[in-house]
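Here the structure is laid out as structure tokens; the discussion comes afterwards.
The values are calculated or read from the model by the stated rules, or taken from the named source; none is laboratory data. Just so we're clear, the structure is a prediction, and the values are computed from it rather than from any experiment. Neighbour counts are summed over all protein chains in view; Cβ atoms, including those assigned to glycine, are modelled from backbone coordinates with ideal geometry.
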Amino acid sequence: MKHFLGLIMASGLVLAGCEQATQEPGSEATEADSEIAADDVAIAGNPLLAEWDTPFGVPPFDLIEDEHYLPALREGIRRTLAEVDEIMANPDAATFANTLEALETAGGDLSRVSRVFFAVNSAHSNDSTRETAKVIAPELSAMRDAIFLNEDLFARVNAIYEQRESLDLSAEQMRLLSESHKGFIRSGANLDEKSKERLKEINSELASSSQQFGENLLDETNEFELLVSDRADLGRLPGNLVALAAEEAKRRGHDCECWAFTLQRPSINPFLEYSPNRELREQIYLGYAMRGDNDNAADNKEILARMVALRAERAQLMGYASHAHFVLSDNMAETPERVYALLDQVWKPAIALARKERAALQEMMDADGIDDRVRGWDWRHYTEKVRKARYELDQEALRPYFEVTAVRDGAFAVATRLFGLTFAARDDLPTWHPDQEAFEVFDADGSHLAILYMDWFARESKRGGAWMNALRSQQKFGGDVSPIITNNFNFPAPIGDTPSLISYGDASTTFHEFGHALNGMLSDVTYESLSGTSTPRDFVEFPSQVMENWMGEPEVLRMFAKHYETGEPIPQEFIDKIVASAKFNQGFATVEYMAASYLDLNYHTLSHPAEIGDPREFEIAAMEAIGLIEEIIPRYRSGYFAHIFSGGYSSGYYGYMWSEVLDADAFQAFKETSLFDRETAAKFRKHILAKGGSEPGMDLYVAFRGREPSIEPLLERRGMTDSE
Ligand SMILES: [Zn+2]
């Protein structure tokens, strides 16, 4: 049943960097036309709805046309509702088989179609698919309401849940029952009519507020420009970035020898790093930091205050003390208190380290003869100067050692040594784009395990970032189904004879997404709803982040990082520099991330009626309470904290660090034995990767490690132990 939720949230999409906005949970209850007319002609010859007569049953991308999607999705919705009606019409008393397992099977066609559609609309969209996405969103959410707010259906699920102890269910069946029951409760199925009506109103207002927040932010971001007319103010900005800024100035209609900088990170960050002009740095820094807080028409303060109040009210309707209590009760952390406990442990050493970093920057600034203390707009500039002075590491010089297929083969080789998996290219499989590669993945015993697609290069039809999704999830209910997984990236495409040379960070992203893919491919559960990456937000990044650890190990770098022309392995000198600089500037990175995590929780632990007054004052008070230094601002200030006010991360921004505690401690298990210890790898596969969401995260972790995770490995990785 959970895969219905997944469907609406765009189908098992797992993101890297996770800057992506997902929808407000349960808030997409816009009124939709419930009349869905099936167009018989569009259905009959529609390859999406036909039997997929392809190797391994992969989607027939070569036969699918844009106009097939909308009718297939609508037919999928119609069939789903009909299947659910049939479950309710069953005159027999509700049983696990005739209700829970029947729900698990219901929606199969819709799931198949929508997984393909949302994957394609992310990786290779056009006006037609984007229009389809817009049209289908309210229809999917109307379907969701029709199912989750249906009293008769909930009555059946609830009846089974009430007798759960006497049903002799397996552990996984019990999990499916409790998760499904919880899904209904959390969607409001248990509320009286009046509360249900209020819930719909709240969800609808939250949906439009969050939309407005995003639009204001876009306006504020696009409106700003910094026009530079003195070449000296660019300092040693790399040539390609100078050219980009000149192009941007032309695009904005400036007919002069000048350069335009914007508030997009790829534009503002290099400017802050390279420009020696403090006044200009201050201008662009404040332009960025004040978005949504300029007391103008695009100001976001009133909107976000209203959203905080509505979320607190909704939490109270659901019987929770606050929105954070509501959200976290479904996460691994369980309560805000446990999240605060984690943050508080890391905060002290992090802020201490940031103060140390500030002292080094101050020294460098003094040496420049500037008679002032370091300000926010100085931080990145002097950080780069200190980095160069200390490590002499030129990121660009590394690229020739990170040719994209070499990195891919490095990730595959790590999976071979850990789990015995092997990979064979399958050029015969249909793809959604010619750049997409397909592999058959075999288990250690040579049996078929999965199909893995990898779509590497940036193009206009692809959205930004990197992510994984499942075109088909593993399950065993009603016959073995093997997974079909995709990884998607935005790396530079090869030009002429020059292959795609990616950065060290991109190589890390490759291993990260491949970690999500392993989670999907090595899944071994009965029910689809519990398989692969169907895990809570504060757990899902654990299997992916952990793979990044192998990438950075000298032994692994020597395995795959070879010069694309000479085949020379990466020189020891470079490896030494990479290792030496790994902990550089971690105080800043940790503090700005954590400040935003605290801010998120402070807003969302308020109880109804949550009146926060002026959000600017609220934010200042929150930052004073943790002792943030004024040279650093939260990674997202309130007015542009899109993750929590126009995305799906409210009360969940802490999740990256929670997952990092797990990944750092888990990797330690390998460090204690050996990097490729097969026994440890087998345990990791059995207790973590294979289990998906079929057991609570902490139970899985303890089964793997024999104890709860320790925070020490994370502190050490970030250079925050006492000995540093
Ligand atoms: Zn990820």
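Here are some notes:
- Boolean, N331 is at pLDDT below 95 and at negative phi: yes
- Neighbours by Cβ (under 9 Å, 6+ apart or cross-chain): first from the stretch 114-136, without any contact (Cβ under 8 Å) to a residue 40 or more places away in the chain and under 17 Å from D435 (Cα atoms); second assigned to a loop (DSSP other than H, G, I, E, B) and of a type outside the set (A, V, I, L, M, F, W, C): N121/R463
- Number of the condition not met by G719 [criteria: (1) at positive phi; (2) without any contact (Cβ under 8 Å) to a residue 40 or more places away in the chain; (3) of a type outside the set (S, T, N, Q)]: (2)
- Flag for T95 being among the β-branched types (V, I, T) and over 18 Å from R144 (Cβ atoms): yes
- Put simply, of A470, A517 the only residue that is modelled with pLDDT of 95 or more, within 12 Å of the ligand (Cβ to nearest atom) and under 28 Å from A682 (Cβ atoms) is A517.
- Selection over the stretch 135-157 of residues that are surrounded by fewer than 16 Cβ atoms within 10 Å (Cβ to Cβ) and over 31 Å from the mean Cα position of the chain (by Cα) gives a count of 3.
- Residue count for the stretch 38-84, restricted to those that are over 15 Å from V116 (Cα atoms), outside any helix (DSSP H, G or I) and free of Cβ contacts under 8 Å to residues at least 24 places away in the same chain: 2
- Condition met for A21 (surrounded by fewer than 20 Cβ atoms within 10 Å (Cβ to Cβ), small (G, A, S), at pLDDT below 95 and assigned to a loop (DSSP other than H, G, I, E, B)): yes
- When the stretch 520-547 is filtered for residues that are crowded, with 24+ Cβ neighbours inside 10 Å, more than 14 Å from the ligand (Cβ to nearest atom) and β-branched (V, I, T), only V525 remains.
- Qualifying position, being farther than 30 Å from R338 by Cβ and modelled with pLDDT of 95 or more, among D293, D255: D293
- Within the stretch 327-346, the set of residues being closer than 17 Å to T535 by Cα and part of a helix (DSSP H, G or I) comprises V327, L328.
- Failed item, numbered, when N98 is tested on (1) modelled with pLDDT under 95; (2) part of a helix (DSSP H, G or I); (3) not aliphatic (A, V, I, L, M): (1)
- Single match in A298, A249 (criterion: in contact with a strand residue (DSSP E or B) (Cβ under 8 Å, 6 or more places away or on another chain) and over 18 Å from T605 (Cα atoms)): A249
- One residue from S128, S204 being part of a helix (DSSP H, G or I), small (G, A, S) and touching a helix residue (DSSP H, G or I) at 6+ places or on another chain (Cβ under 8 Å): S128
- The listed residue being out of contact with any His (no Cβ under 8 Å at 6 or more places or on another chain) and under 22 Å from S694 (Cβ atoms), out of S178, S125: S178
- Q475, sole failed condition from (1) within 15 Å of the ligand (Cβ to nearest atom); (2) free of Cβ contacts under 8 Å to residues at least 60 places away in the same chain; (3) within 30 Å of E334 (Cα to Cα): (1)
- When the stretch 158-171 is filtered for residues that are within 16 Å of I185 (Cα to Cα) and either without any contact (Cβ under 8 Å) to a residue 40 or more places away in the chain or out of contact with any Leu (no Cβ under 7 Å at 6 or more places or on another chain) (or both), the ones remaining, listed by number, are N158, A159, Y161, E162.
- Scanning the stretch 548-586 for residues that are surrounded by fewer than 18 Cβ atoms within 10 Å (Cβ to Cβ) and of a type in the set (S, T, Y), we see that the one that is farthest from the ligand (Cβ to nearest atom) is T566.
- Contact map, the stretch 512-533: residues that are in a loop (DSSP other than H, G, I, E, B) paired with residues that are at pLDDT below 95 and within 11 Å of the ligand (Cβ to nearest atom), Cβ distance under 6 Å, separation 6+ or inter-chain. Pairs shown: T533/V14; T533/V540.
- Residue list for the stretch 442-476, filter: of a type in the set (D, E, K, R) and touching a strand residue (DSSP E or B) at 6+ places or on another chain (Cβ under 6 Å): D443, D455, R472
- Filter result for T509 (touching a residue at least 60 places away in the same chain (Cβ under 8 Å), within 12 Å of the ligand (Cβ to nearest atom) and not in a strand (DSSP E or B)): yes
- Taken over the stretch 334-370, the residue count meeting the criterion of being over 26 Å from the mean Cα position of the chain (by Cα) and at positive phi is 1.
- If you go through the stretch 207-246 and keep only what is in contact with a Gly (Cβ under 8 Å, 6 or more places away or on another chain) and either charged (D, E, K, R) or assigned to a strand (DSSP E or B) (or both), you end up with E220, L226.
- Residue within the stretch 108-129 that is on the phi > 0 side of the Ramachandran plot and in contact with a Leu (Cβ under 8 Å, 6 or more places away or on another chain) present: no
- For the stretch 344-357, residues that are crowded, with 20+ Cβ neighbours inside 10 Å and either at pLDDT below 95 or within 16 Å of L662 (Cα to Cα) (or both) total 1.
- Among (1) outside the structural domain of L49 (by TED's automatic domain parsing); (2) small (G, A, S); (3) without any contact (Cβ under 8 Å) to a residue 60 or more places away in the chain - the single one S178 does not satisfy: (1)
- Scan of the stretch 637-683 for residues that are small (G, A, S) and assigned to a loop (DSSP other than H, G, I, E, B), ordered by number: S646, G647, G648, S650, S651, G652, S674
- Among the residues examined, K686 qualifies as farther than 30 Å from L263 by Cβ and not in a loop (DSSP other than H, G, I, E, B).
- Top-ranked residue of the stretch 478-492 - restricted to ones that are part of a strand (DSSP E or B) and more than 16 Å from the ligand (Cβ to nearest atom), ranked as surrounded by the fewest Cβ atoms within 10 Å (Cβ to Cβ): V481
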